[in-house]
Amino acid sequence: MAQIRSINISPALINTACAWASSYDQLKALYSSPFTGAVTTRTSTLKGYNESSSCGVVFTSSSTSSLNSYGYSPRPLSAYLGWVKEIVSETISSSNGKPLPVKPFIISITACSTEELKSMIGLIQDLRATPTFASLIAIELNTSCPNVSSTSPSGYVPDSIRPLLQTLAEAHMRDKSLTIGLKLPPYTFRGQFDAMISLLREFNYEDGDTGRQNCFAFLTCTNTLGNSLLFPDQVTEAMTIPEAKIAPDFAVPTVTGGLAGEAIHALSLGNVYTFRRHLDDEDDGLRGISIIGVGGVTSPAALSRMTKAGASVVGVATLLGKEGVKAFEILSAQI
Ligand SMILES: Cc1cc2nc3c(=O)[nH]c(=O)nc-3n(C[C@H](O)[C@H](O)[C@H](O)COP(=O)(O)O)c2cc1C
């Protein structure tokens, strides 16, 4: 079990934002699994993302790894909030007065401007205004999708996300029960960790009740590793994207994409470990930030490694894509 501010995640195992958390049916199945402690929605934007036909995912034949070329969800944030409301309401009405089996949703969002982000926070806060939902909804700002050709993942350029973080921080200061996290890209050298920590330091504040706090409650480390390339003979044929015919020499039609699964496990563990260690060296505000560890969690042993590296909650995408929600049962088996 993990408590991240107002959000209780039990068990401390969740799906992360991905193509398999995209529709009502997928979210309902994730929510209904006794092996998930919370559900993360696929990253949405205010109006929906214009998804091209070259978006897709392939799995490698030699390990449980994936390469994907997806951007954000074509569904707007309002669709996800409607589904969240429906799923929680259905769960409550079917509980027949027994203790409520409700679990939180982490709503993954991204925005190009502070105006767009403000509108999105407004929609989320409208849902949280209903008492049942106040402690069931957290926000995760995705700063790390490597597959949007017009932009670099903003998490690699911390100064560029300061205005978005200020907007989120203002929302948190207006309502301190609002739990907010950042989805970060995989970092490979010390300066990248330092830059993000120094940005987060700007969002520390003194709270009369709880002492020194930070506006951000959690970091989700890591997203996929961008600019990765696989050839068709490295992936399972069944999962090859039909559009790959456009570029038959490569496994995904965009040629490069985001690498995930076992192939990035060591890098993700290193990111979780490094952030945890650096945050623990800081004051109470930064020390209070939790880490959701994700990247190559494909076995109970890998899950245990993520926890040992410093994750309070462990997240999964590639294994979910391969196994469906059974993935969480597989990961929950005793080692
Ligand atoms: C097909 C696919 C789609 C993804 N879509 C998103 C997304 O919408 N938002 C996001 O923050 N991360 C997204 N991710 C990244 C995952 O949440 C996760 O960070 C990454 O895949 C590493 O975890 P894994 O090794 O368990 O796959 C996606 C990953 C995959 C494989």
**Q.** Filter result (under 23 Å from Pro300 (Cβ atoms) and within 15 Å of the ligand (Cβ to nearest atom)) within segment 36-57
**A.** Thr36, Ala38, Val39, Thr40
Q) How many residues does segment 73-111 contain that are open to solvent by 30 Å² or more (accessible area, probe 1.4 Å) and either modelled with pLDDT under 95 or not small (Gly, Ala, Ser) (or both)? A) 18
Q.
Restricting to segment 1-11, give me the number of residues that are in contact with a helix residue (DSSP H, G or I) (Cβ under 8 Å, 6 or more places away or on another chain) and either assigned to a strand (DSSP E or B) or within 25 Å of Ser299 (Cβ to Cβ) (or both).
A. 1
**Q.** Subset of segment 114-134 [hydroxyl-bearing (Ser, Thr, Tyr) and modelled with pLDDT of 95 or more]
**A.** Thr114, Ser119
Q | Pairs with Cβ under 6 Å, 6+ apart, first in segment 301-316 and in contact (Cβ under 8 Å) with a residue 12 or more places away in the chain and under 20 Å from Ser66 (Cβ atoms), second within 11 Å of the ligand (Cβ to nearest atom) and of a type in the set (Ser, Thr, Tyr) | A | Gly315/Thr16
(Q) With the structure loaded, tell me whether Gly261 is over 19 Å from Ala2 (Cα atoms) and out of contact with any strand residue (DSSP E or B) (no Cβ under 9 Å at 6 or more places or on another chain) or whether it fails that test. (A) no
**Q.** Candidate set: segment 24-63, residues that are free of Cβ contacts under 8 Å to residues at least 12 places away in the same chain and touching a Phe, Trp or Tyr at 6+ places or on another chain (Cβ under 9 Å); chosen: the one surrounded by the most Cβ atoms within 10 Å (Cβ to Cβ)
**A.** Gln26
(Q) Name the single residue that is nearest to Ile264 (Cα to Cα) among those in segment 293-321 being within 7 Å of the ligand (Cβ to nearest atom) and assigned to a helix (DSSP H, G or I). (A) Thr318
Q. Looking only at residues in segment 182-214 that are among the hydroxyl-bearing types (Ser, Thr, Tyr) and open to solvent by 20 Å² or more (accessible area, probe 1.4 Å), which one is nearest to the chain's Cα centre (by Cα)?
A. Thr188
Q) For segment 272-292, does any single residue satisfy the condition of being within 22 Å of Gln192 (Cα to Cα), near the ligand (Cβ under 10 Å from one of its atoms) and either in contact with a strand residue (DSSP E or B) (Cβ under 6 Å, 6 or more places away or on another chain) or open to solvent by 30 Å² or more (accessible area, probe 1.4 Å) (or both)? A) yes
Q: Could you please find all residues in segment 225-262 being within 11 Å of the ligand (Cβ to nearest atom), open to solvent by 60 Å² or more (accessible area, probe 1.4 Å) and at pLDDT 85 or above?
A: Glu262
Q. If you check every pair at least six apart or on different chains, which have Cβ atoms under 9 Å apart with a residue in segment 213-230 that is on the phi < 0 side of the Ramachandran plot first and a residue that is of a type in the set (Phe, Trp, Tyr) and open to solvent by 20 Å² or more (accessible area, probe 1.4 Å) second?
A. Gln213/Tyr205; Asn214/Tyr205; Cys215/Tyr205; Leu229/Phe250; Leu230/Phe250
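The values are calculated or read from the model by the stated rules, or taken from the named source; none is laboratory data. This structure is a prediction, so every number in the text was calculated from the model and none was measured. For neighbour counting, all protein chains shown are included, and Cβ atoms are generated from backbone atoms with ideal geometry for every residue, glycine included. Ligands, DNA and RNA are excluded from the accessible area calculation, which covers all protein heavy atoms including side chains. Shrake-Rupley method; radii C 1.70, N 1.55, O 1.52, S 1.80 Å.
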